[in-house]
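**Student:** Okay, handing you the structure first.
The values are calculated or read from the model by the stated rules, or taken from the named source; none is laboratory data. Keep in mind that what you see is a predicted model, and the values were worked out from it rather than measured. With ideal geometry, Cβ positions are generated from the backbone for all residues, glycine too; neighbour counts draw on all protein chains shown.
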Amino acid sequence: MDPPCSPPFFVGSVNGLICLFNRRKDTYIWNPTIRKSKKLFKSSWGTSCYTKYGFEYDDSRDDYKAYLLIIVVILAMGIFLLNYSGKFINGEIYWAASMGIHDYNVRNIISFDVADETWGSLELPICREVFTIKLGVVESELSVLYTCKPSMTSDVWILKDRRVYVSWMKQFTIEYPQYVVLYGFDSPIFTFSIYLRQSDNDDILLLIPGKIMIFDGSTKKFKHTAIVKECNTTEIYGESIVNPLTISYNSSA
């Protein structure tokens with residue numbers, strides 16, 4: 001697939017639409033399935049660590065929004081958003097957060113309600129310094145990946161129904177072979193995605209920057225890996241026929 005701009009920096013994917021921008025600060029909404037895109041106005045978007053992004057769909061207004069966050073107010077509150085692109089799940093955008101710009105240890109999760117435009121926070125399932133923590137999505141649920149390099153395993157936790165109360169559930173543990181280099185696990189600025197393939201074994205497809213990894217669904221052990229060059233983010237994309245040229249688009253900063 002040829003994106004409408006190059007090199008593309010991906011903001012997010014919702015309902016078969018992908019939001020991306022390039023170094024010239026051109027922003028696009030793109031549907032690769034029907035090969036149509038909509039170019040938006042130039043923005044002040046960039047790749048600074050102070051700049052965070054979000055792309056979402058507000059079903060209460062039938063409206064798509066792209067968010068550019070220049071972290072000033074949040075920094076003043078002693079909170080620093082780590083991952084560049086927020087994860088949009090069930091009406092909210094999520095970022096892993098630390099206590100300051102030089103702190104890359106995930107302390108909690110910050111949420112943004114796209115309908116009410118209000119901020120919130122979530123506690124992590126567990127807090128242990130020995131783990132590398134990454135924010136991501138399993139199927140359509142918010143998830144946290146705890147990776148312990150000495151043992152070469154990752155615990156996957158899923159956030160259950162938040163509308164009643166915050167409840168985390170440990171879903172499974174995946175095992176890596178000793179020779180696999182877990183590049184990208186050290187940095188919380190990159191997120192991950194997991195897809196449970198509908199097969200006899202319910203194989204686990206793990207997407208991280210630079211790698212696509214498959215694990216056996218019954219044993220949770222490694223089966224296959226593929227290297228993806230120049231991969232700045234990893235997302236699970238679902239096909240649709242939504243035409244970006246026909247939607248009403250608003251932006252917020």
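**Student:** In this structure, is TYR84 modelled with pLDDT under 85, surrounded by 15 or more Cβ atoms within 10 Å (Cβ to Cβ) and in contact with a Lys or Arg (Cβ under 8 Å, 6 or more places away or on another chain)? Break it down stepwise before answering.
**Tutor:** Details: modelled with pLDDT under 85: yes; surrounded by 15 or more Cβ atoms within 10 Å (Cβ to Cβ): yes; in contact with a Lys or Arg (Cβ under 8 Å, 6 or more places away or on another chain): yes.
Yes.
**Student:** Do the conditions hold for GLY78, that is, is it small (Gly, Ala, Ser), in contact with a Gly (Cβ under 8 Å, 6 or more places away or on another chain), in a loop (DSSP other than H, G, I, E, B) and at pLDDT below 75?
**Tutor:** On the way: small (Gly, Ala, Ser): yes; in contact with a Gly (Cβ under 8 Å, 6 or more places away or on another chain): yes; in a loop (DSSP other than H, G, I, E, B): yes; at pLDDT below 75: yes.
It is true that GLY78 is small (Gly, Ala, Ser), in contact with a Gly (Cβ under 8 Å, 6 or more places away or on another chain), in a loop (DSSP other than H, G, I, E, B) and at pLDDT below 75.
**Student:** Inside the range 102-155, can you point out the residues that are of a type in the set (A, V, I, L, M) and at pLDDT 85 or above? Give the derivation first.
**Tutor:** Here is the first cut: in the range 102-155, the residues of a type in the set (A, V, I, L, M) are 106, 109-110, 114-115, 122, 124, 126, 130, 133, 135, 137-138, 142, 144-145, 152.
If the condition is that a residue be of a type in the set (A, V, I, L, M) and at pLDDT 85 or above, then VAL106, ILE109, ILE110, LEU122, LEU124, ILE133, LEU135, VAL137, VAL138, LEU142, VAL144, LEU145 are the ones that fit.
**Student:** Of the conditions (1) farther than 25 Å from ASP59 by Cβ; (2) in a strand (DSSP E or B), LEU124 fails just one. Which one is it?
**Tutor:** (2)
**Student:** Still on this structure, I have one more. If a residue must be modelled with pLDDT under 90 and loosely packed, with under 15 Cβ neighbours inside 10 Å, how many such residues does the range 156-174 contain?
**Tutor:** Qualifying residue count, the range 156-174: 7.
**Student:** Further, regarding this structure: Would you check which residues across the range 204-224 are basic (Lys, Arg) and farther than 14 Å from THR173 by Cβ and list them? Break it down into steps so the answer makes sense when it comes.
**Tutor:** Let us first name the residues in the range 204-224 that are basic (Lys, Arg), namely 211, 220-221, 223.
LYS211, LYS223 - these are the residues of the range 204-224 that are basic (Lys, Arg) and farther than 14 Å from THR173 by Cβ.
**Student:** Could you tell me which residue of the range 24-73 is modelled with the lowest pLDDT, considering only residues that are among the small types (Gly, Ala, Ser) and surrounded by 15 or more Cβ atoms within 10 Å (Cβ to Cβ)? Break it down stepwise before answering.
**Tutor:** In the first step, residues of the range 24-73 are kept if they are among the small types (Gly, Ala, Ser); the result is 37, 43-44, 46, 48, 54, 60, 66.
Now restrict to residues that are surrounded by 15 or more Cβ atoms within 10 Å (Cβ to Cβ): 37, 54, 66.
Details: SER37: 91, GLY54: 76, ALA66: 67.
Filtering first and then ranking leaves ALA66.
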